[in-house]
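Here the structure is laid out as C-alpha cells; the discussion comes afterwards.
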Amino acid sequence: MQFIEWVDGKLRVLDQTRLPLEEVCLELCTWQEVALAIREMKVRGAPMIGIAAAYAIVLGVQAVEATSRADFLTTLEDIAGAVASTRPTAVNLFQAVRRMRMAAQREEDIAQIKAALITEARSIQADEEEATRRISLLGARLIDDGSTILTHCNAGALATGGHYGTALGMIKAAREQGRNIRVLATETRPLLQGARLTTWELLRDNIPVTLITDSMAGYYMKKRDIDCVVVGADRIAANGDVANKIGTYTLAVLASENSIPFYVAAPSTSVDLSISSGQEIPIEFRSPDEVTHVQGVRIAPEGVEAASPAFDVTPHDYVSAIITEKGIVRSPYAEGLSALRC
Ligand code: MRU
C-alpha cells in the first residue's frame, strides 16, 4: 500500500487520523481538500507534508482558466501561499512550495506550466523517497545487533512516503540486514503518533516493538535498557538545533544524562540554512482541545486552561549525529551542514 499516490488526476492518501483502527483512503480532488488534510493531520510528517503540498498546487492550477501567463502565475501564487500557511514548522513544506514556484517560472505558456507542475510534484515525491532510502542504509550502520532503540512520534513511511521513513527507516534497514533489534515507541501525547502510527508501521514489518508512555522513557534509560534514541526532524537550523515533535527535547536531555547516543535522521530538505539557530524556528501551537481530549473524548474538566505546542527544539549539543541522505554529520554541525549544500 502506498501512503500517498497521484492517481488519475487525484491525490490518494491514507487518513492517518483513523489509524490504527481503520485503514481509510481519501481521494482529494481540490487544493482546499489537501490543505485541510494537512491542517487536520490526516497527512502529516515533514517530508509527507511537502509532497502533499506539491500535489495540492497541481490540483489548484488544473482548474484555473487564466487568459494570460501573468494572471495564471498570480493565481498560482495565491494557491501556493495558502498551501504554505497550513503548518508552520516543517520546512519541507516551504521547500516543496518553492520548487513548485520555480518550476512554473521556467515555462513559457499555461499548458506547459501545468504539465511541468505535475512533473515537479512527482519528482519531489521521488526525491524524498530516494532520500529516505539512503538515510536508512547510512543510518543502519549506527545500529548494532541486539540493540534496543527508543523512537518518538512517527518518522516512518507514513511521514515520508516510500517504504522506509527516516528514524524508522534506519531501524527497518538494520532489520533487513539481519540485525536483531527491538524498538521502544513512546506514545507521543497529545496526538499519539507513536501509539497509533509507529507501532502500526513496525508491526506490519514484523519488527518487535514495545509501547511506553512518554513519561516512562527515563525509567528505561536509567536501567540501561536503551542503546540509542533515534528521531526525525521537522526543521534543522544551520547550527544543528533540531525542531521535532514535542517531547523530543526531554528525551535528548535524558539521553545525555544517561550517556545514550541521540540520533536525528532527516532528509536535507529538513535543513534550513537560512536560520542560524533553533530559536528562529516557528513553533506551531495547536488547539488546546488536543490536550483536554484524547481521540475526541474529554479527559480534563470543562473550562481548564490547556496549551499545545506541537514541537520543541533540541539544542545541537545534545545531538550525537544527524543522518541525512548526503552523509552523517557530527559536531561541529555548522560546518558539516553547510558542506551538504542543502
Ligand atoms: O505533527 P506531526 O505528526 O506532523 O509531527 C511529525 C514529527 O515530528 C516527525 O518526527 C517529523 O516530521 C519527522 S517525519 C520523517
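The values are calculated or read from the model by the stated rules, or taken from the named source; none is laboratory data. As the structure is a prediction and not an experimental result, all values here were calculated from the model. Backbone-built Cβ (ideal geometry, glycine too); neighbour counts: all protein chains shown. Side chains are part of the model used for accessible areas, which takes the heavy atoms of the whole protein and leaves out ligands, DNA and RNA. Shrake-Rupley method; radii C 1.70, N 1.55, O 1.52, S 1.80 Å.
Between R224 and L21, the modelled labels are 4.3 nm apart [label points 7 Å from Cα along Cα→Cβ]. Just how far, in whole angstrom, is the range 284-309 from the range 213-250 if you go by their alpha carbon centroids? Cα centroid to Cα centroid, the span is 23 Å. Angle of helix 248-257 to the longest C-alpha principal axis of the chain, folded into 0 to 90 degrees and rounded to 10: 30°. When a/c is below 1.5 the answer is rounded, else prolate if a/b is larger than b/c, else oblate, so apply that to the range 168-272 with a ≥ b ≥ c taken from the square roots of the Cα gyration tensor eigenvalues. Here the range 168-272 falls in the rounded category. Simple rule: put +1 on each Lys or Arg Cβ and -1 on each Asp or Glu Cβ in the chain, find the dipole, and look at V329, T198, C153; the Cα lying farthest toward the positive end is V329. So the label point goes 7 Å from the Cα of E107 along Cα→C-beta, right? Which residues of the range 38-76 then have their backbone N under 15 Å from it? Label zone hits: 54-76.
Taking all protein chains as they are arranged and a probe of 1.4 Å, the heavy atoms of D234 leave approximately 20 Å² accessible to solvent. Over 29 Å between Cα atoms: which of K223/K326; K42/K223; K172/K223; K172/K326; K172/K222; K223/K245 fall into that group? K223/K326; K42/K223, as the Cα separations exceed 29 Å there. Measuring nothing but how far apart in sequence close Cα pairs (under 8 Å, 6+ apart) lie, relative to its length, the chain scores a relative contact order of 15 percent. Candidates P301, A339, C228 compared by Cα position along the dipole of the range 139-339: farthest toward the positive end lies C228, with charges placed on Cβ. Look at the alpha carbon pairs under 8 Å that are at least 6 residues apart: their mean separation over the length of the range 4-133 gives a relative contact order of 22 percent.
With Cβ to Cβ distances under 13 Å as the rule, what net charge do the other residues near Q279 carry (K, R +1; D, E -1)? Net charge around Q279: -3. Could you tell me whether the range 22-103 comes out rounded, prolate or oblate from its Cα gyration tensor? Rule is a ≥ b ≥ c as square roots of the eigenvalues, rounded for a/c under 1.5, then prolate if a/b exceeds b/c, otherwise oblate. Note, shape of the range 22-103 comes out oblate.
The range 92-167 and the range 1-16 have Cα centres spaced 15 Å apart.
Placing +1 on the Cβ of every Lys and Arg and -1 on the Cβ of every Asp and Glu, with nothing else charged, gives the range 4-133 a dipole about its Cα centre of roughly 340 debye. Take every pair of alpha-carbon atoms less than 8 Å apart whose residues are at least six positions apart; their mean separation over the length of the range 120-276 yields a relative contact order of 23 percent. The Rg/Rh ratio of the range 139-339, with both radii computed over alpha carbons and Rh defined as the Kirkwood radius, is 0.96.
For the chain, the fraction of 1.4 Å probe accessible surface lying on carbon and sulfur atoms is 50 percent. Per-residue accessible area (protein heavy atoms, 1.4 Å probe) orders L117, L142 as L142, L117, starting from the largest. If a/c stays under 1.5 just call it rounded; otherwise compare a/b with b/c (prolate if a/b is bigger, oblate if not). Do that for the range 227-278, with a ≥ b ≥ c from the square roots of the Cα gyration tensor eigenvalues. Taking the square roots of the gyration eigenvalues as a ≥ b ≥ c, the range 227-278 is prolate. Once the chain from V294 to A82 is taken as fully extended at 0.36 nm per residue, the excess over their C-alpha distance is 73.4 nm.
Considering only V13, V294, V83, give the residue with the highest GNM mean-square fluctuation for the chain, with springs between Cα atoms whenever their separation is below 10 Å. Between V13, V294, V83, it is V294 that shows the largest mean-square fluctuation.
Largest mean-square fluctuation among R98, R189, R44, in a Gaussian network model of the chain whose springs join Cα atoms under 10 Å apart, belongs to R98.
So what is the accessible area of the chain per residue, in Å², with the probe set to 1.4 Å?
42 Å²
Length gained on full extension, R69 to M216, computed as 0.36 nm times the residue gap minus the Cα-Cα distance: 47.2 nm. Taking the Cα centre of the range 64-130 as origin and assigning +1 to Lys and Arg Cβ atoms and -1 to Asp and Glu Cβ atoms, the resulting dipole is close to 180 debye.
Charge dipole (Cα centre; +1 on Lys/Arg Cβ, -1 on Asp/Glu Cβ; no other charges) of the chain amounts to roughly 720 debye.
The orientation-averaged projected area of the convex hull spanned by the Cα atoms of the chain comes to 17.3 nm². Accessible surface ranking for H163, H152, 1.4 angstrom probe, highest first: H163, H152. Stretching F285 away from V253 to a fully extended chain increases their span by 9.3 nm, per 0.36 nm per residue minus the current alpha-carbon distance.
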